[in-house]
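Quick notes on the structure that follows.
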Ligand code: SF4
Ligand code: SF4
């Protein structure tokens, strides 16, 4: 037997349960099913969001609006979408850093999740082909503009919170989502019908750039994650101040969310922190050459921002730190 295949004791289980167990054996926390029909309601919300220009300079989001609504534009043969969630939380990581440091989102401190999750979804497809030899599939981990959060709601994994991240009840939001589009028709799981944010608005209050002034709507053009990673060039001075010491991403709205008290330490060693303390030190980072940036952050998501944007973020964080002392 191929050593990549977990041995499955699957006698008597329905097919979806066999697949779910295969996913759990690969480390996924959630493995759920939905059909591949267009996401009509989410598509309307997207149109309104784009109409308000909340996407900032991410013009590719507007260009791909049609594909976003329809998963079959990625894989026309798809009949089922297997939506997965993978825990990346680490108990010993916090968003608190000393004033001399920059801050990097927790998800970006480990190995680039695209590679890790994509590999696991490909293994899941191989497992499925043990039960369904004719099944073909295509994996998506941010490689195509699928609307992965509405798909996760449709598959019943969780709800989209007021901070616009997907929240899994009793588990929290520190999860990477990934999808496997499959040619076989499988029974869908019930969609998530309930929102469990209630009267809470902690994320809205805590957001330092006011990017969540309307609940459930992210004004991405104000969000620190967008500003530090996606936005090229100068940043509005009014927003700069709110960026505090964040130099790649931002975890504030997730850190304050009460559902994340259920977060548990990931067992995935690929998501261990790869960044030694000195790679947070603003003074040392400011002296880094482009070659050093590429070497030191190799294999992590941090390289996605590019050297120029990263150095811009460091300059802003240094100004913000200086103005606090
Ligand atoms: S990631 Fe940070 S800036 Fe963006 S919405 Fe959340 S708290 Fe606000
Ligand atoms: S902080 Fe409160 S309002 Fe925001 S997503 Fe979490 S539960 Fe919902």
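Annotations for the structure displayed:
- Shape category assigned to segment 209-325 from the gyration tensor of Cα positions, a/c cut at 1.5: oblate
- Angle in degrees between helix 40-51 and the longest Cα principal axis of the chain, rounded to the nearest 10: 20 degrees
- Rough spin-label spacing in nm, given labels placed 7 Å along Cα→Cβ, for residue 17 and residue 131: 1.0 nm
- Prolate/oblate/rounded label for segment 259-325 (Cα gyration tensor, a/c 1.5): oblate
- Cβ-to-Cβ counts within 10 Å put 127, 195 in ascending order as 195, 127, the fewest first.
- The angle between the Cα long axis of helix 307-324 and the main principal axis of the chain comes to about 50°, on a 0 to 90 degree scale.
- Looking at the chain, the DSSP beta bridges with both ends there are about 90 percent antiparallel.
- Cα shape, segment 239-278, gyration tensor, a/c 1.5 rule: oblate
- Protection proxy ranking of 72-81, 151-160, 105-114 - average other beta-carbon atoms within 10 Å, highest first: 151-160, 105-114, 72-81
- Spin-label proximity, residue 307 to segment 265-289 - amide N less than 13 Å from point 7 Å beyond Cα toward beta carbon: 287-289
- For 49, 60, the sequence from fewest to most other C-beta atoms within 10 Å is 60, 49.
- Stretching residue 206 away from residue 289 to a fully extended chain increases their span by 26.5 nm, per 0.36 nm per residue minus the current alpha-carbon distance.
- The orientation-averaged shadow of the Cα convex hull for the chain, equal to a quarter of the hull surface, comes to 17.2 nm².
- Listing 148, 268, 59 from fewest to most neighbouring C-beta atoms within 10 Å gives 59, 268, 148.
- Cα long-axis angle, helix 15-25 against the chain (0 to 90 degrees, to the nearest 10): 40 degrees
- Per-residue extension of 0.36 nm, minus the Cα-Cα distance of residue 264 and residue 40, leaves a gain of 77.2 nm for this segment.
- Residues residue 213 and residue 238, FRET efficiency given R0 of 22 Å [Cβ-Cβ distance, rounded to 0.05]: 0.95
Laboratory data are not the source of any read-out in this text; all were calculated from the coordinates shown. Just so you know, these numbers come straight off a predicted model, no measurement behind them. Glycine gets a Cβ as well: all are built from the backbone with ideal geometry, and neighbour counts include every protein chain shown.
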